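Only one structure is covered here, and it is reproduced in the block below.
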Amino acid sequence: MTVMVPSTTPALITPGQQALDSALHQLGHAAEHLGLDDGLRTMLATPRRSLTVSVPVRREDGRMDVVQGFRVQHNVSRGPAKGGIRFHPSTDIHEVTALAMWMTWKCALVGIPYGGAKGGVSVDPTVLTTRELERLTRRYVNEILPLIGPEKDIPAPDVGTDEQTMAWIMDTYSVNAGYSVPGVVTGKPMTLGGSLGRAGATSRGVQIAALAALGRSPEGVTVAVQGFGKVGALAAQYLADAGCKVVAVSDVRGAVHAPSGLDVADLRAHSAETGSVYGYRHADAMDHAELFELDVDLLVPAALEGVITGENAPRIRARLIVEGANGPTTPEADEILAASGTTVVPDILANAGGVIVSYLEWVQNMQAFSWSAAEVEMKLRDLMRGAYGEVKSLAAEKDLTLRQAAHVIGVGRVAEAHTMRGLYP
Ligand code: NAD
C-alpha cells in the first residue's frame, strides 16, 4: 500500500512543517531499525484523525475575530488519545501533527496505556483579555467536542494554556454532558480533581532525567535553560535545589546571565510579578542566541521546536542537553551533536513526567479517588527511571543515540500493539 506522506518545499517551510519533517525523519529511522513493512510505516506516519475548525471569538470592543483550531489524534492502538492544547500564533496543522506523533511514542516509551494526540489554536493568548480567552477556549472545545472525552481523547496544558484553561474545558464538556466529567482533561486545578504533583511533573521529570544522565554529583554543575514557563521555570528550580548552578535563563522577551549562579526562586518571583525574566537586576542581560553557546555543563531547551539547528549546533559547548521542550533539536543538529560527543536526552523521554502524572490524575478521576503527593512522586520516579534505564541499555547495546533508542522502543511498542490487534475489517 502506498499513501502520500506530507512533503514540504524547503523554500516555503514553516516551523510546523519543519517539526513534522523532524518527526517523520525520526520515525523513518526507527521503522528501518525495526524492519517494519511499508504499510505499517505509512500508517504510523499519518494521523488517525485530524480536525481543523474555525473558532469565532467576540472581542471586548464587539468585533468578531476568527482563528483556526486543530485537534489531531495520531494513534490510538494502545489506548485513548492523550496530548496537550497549545495557544500560539505560529501553531498550524503540521506542528500539531508532529506533536501528536511524539505523544504516541512518549506514552508507549514510558509504558502508559494511551495513544498520542495534540490540539492547538493559532492565536496569541497574551493579547487577549481573560474573558476573550475564556470565550475562545469554550468555543474551540465545542468545535472539537466530537473527538474528546475521558475514554476517547484527554487534553492537557501546553504552551500558552494552563490550569484555568483546563477548568474551562472541563466545564464546557461537563455542561454538554449534563454532569461533571473531571476525567476529560488533566492538569486541572486541585479543586476540580487535579492531582497533587501535576503542576511540577514535567519539570520534575526533566530533573530526574538530567540527574540520571549526568552520572555524577549535581553539585556545581552549570546549567542554562531556554524558556521560563511552566516547564522551564520549575526545571531550573528543581535543578538548583539538587545543587546545580543555574547561570542563564531566557523567555520570549529576553535572556539573563549570572556566571556566579542565579537565585532561581527570586527570579521566579520577578517573572511572576513582571511577566518576564527581562529586567532582573541581579543578572546581566544577554542575547537570546548566546544562551545556547554558553560554556555550561547542561543545556535545557524548554520553549519551542527547532531551536537547536545545523547552524548553531557546532557552537554548543554543553556536553549534555536534556529536552524539556518537544522537538527542540533538528535531525541535522542531532547528527552534529552525536559526532561531537554531546549527549541528548530526547524530548519523548526527558519531558514525559507531564504525561505520566496526567495519566495518574486521570486514573484518580476515573476512580473518584486521590493519592498523596508522595505516592504520585514515587510512581513518577519509578516510570521515569525505568524508561531511562531501558533507553540507555538499548542505546549501548545497538550503538544508537538516546533519541534513536527511545524511538525504537516507542515505535516498536505501537507497531506491536497494532499488529496484535490486527487490521479492521
Ligand atoms: P509555557 O507557555 O508555560 O512556557 C513557554 C516559555 O517559552 C515561556 O517562558 C516563553 O516566554 C518561552 N519562549 C517562547 N519563545 C521563546 C524564545 N524564542 N526564546 C526563549 N523563550 C521563549 O509552555 P510550557 O508548558 O512550559 O511548554 C514548554 C515546552 O515544553 C513546549 O515544547 C511543550 O510542548 C513542552 N512540554 C510541556 C509540558 C507541560 O506539561 N506543560 C509537558 C511536556 C512537554
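Would you check if Thr172 is polar (S, T, N, Q) and part of a helix (DSSP H, G or I)?
So Thr172 fits the description; yes.
Every residue in the range 257-308 that is among the β-branched types (Val, Ile, Thr), touching a strand residue (DSSP E or B) at 6+ places or on another chain (Cβ under 6 Å) and within 15 Å of the ligand (Cβ to nearest atom), please.
Answer for the range 257-308, where residues must be among the β-branched types (Val, Ile, Thr), touching a strand residue (DSSP E or B) at 6+ places or on another chain (Cβ under 6 Å) and within 15 Å of the ligand (Cβ to nearest atom): Val264, Val277, Val300, Val307, Ile308.
Among the residues of the range 120-143, are any in contact (Cβ under 8 Å) with a residue 40 or more places away in the chain and within 12 Å of the ligand (Cβ to nearest atom)?
Yes, there is a match, as at least one residue in the range 120-143 is in contact (Cβ under 8 Å) with a residue 40 or more places away in the chain and within 12 Å of the ligand (Cβ to nearest atom).
Does the range 362-385 contain at least one residue that is under 20 Å from Ala31 (Cα atoms) and either within 16 Å of the chain's Cα centre (by Cα) or in a helix (DSSP H, G or I) (or both)? If you could, list the steps in order and put the result at the bottom.
So in the range 362-385, the residues under 20 Å from Ala31 (Cα atoms) come out as none.
Checking the range 362-385: not a single residue is under 20 Å from Ala31 (Cα atoms) and either within 16 Å of the chain's Cα centre (by Cα) or in a helix (DSSP H, G or I) (or both).
Determine the pairs where a residue that is touching a residue at least 24 places away in the same chain (Cβ under 8 Å), located within the range 86-102, has a partner that is within 9 Å of the ligand (Cβ to nearest atom) and in a helix (DSSP H, G or I) with Cβ atoms under 7 Å apart, the partner being 6 or more residues away or on another chain.
Phe87/Pro125; Trp102/Asp347
Given the criterion out of contact with any Pro (no Cβ under 6 Å at 6 or more places or on another chain), touching a residue at least 40 places away in the same chain (Cβ under 8 Å), within 11 Å of the ligand (Cβ to nearest atom) and within 18 Å of Arg317 (Cβ to Cβ), identify the matching residue among Val225, Val206, Val221.
Val225
Which members of the range 228-239 meet the condition of being away from the ligand (no atom under 13 Å from the Cβ) and surrounded by 24 or more Cβ atoms within 10 Å (Cβ to Cβ)?
Selection gives Leu239 alone.
Of everything in the range 330-344, what is surrounded by 20 or more Cβ atoms within 10 Å (Cβ to Cβ) and in contact (Cβ under 8 Å) with a residue 60 or more places away in the chain? Give them in sequence order.
Thr330, Asp334
Just so you know, all these numbers are worked out from the coordinates, no wet-lab data involved. Nothing here was measured: the structure is a model prediction, and the numbers come from that model. Ideal geometry is used to build each Cβ from the backbone, glycine not excepted, and the neighbour counts take in all protein chains shown.
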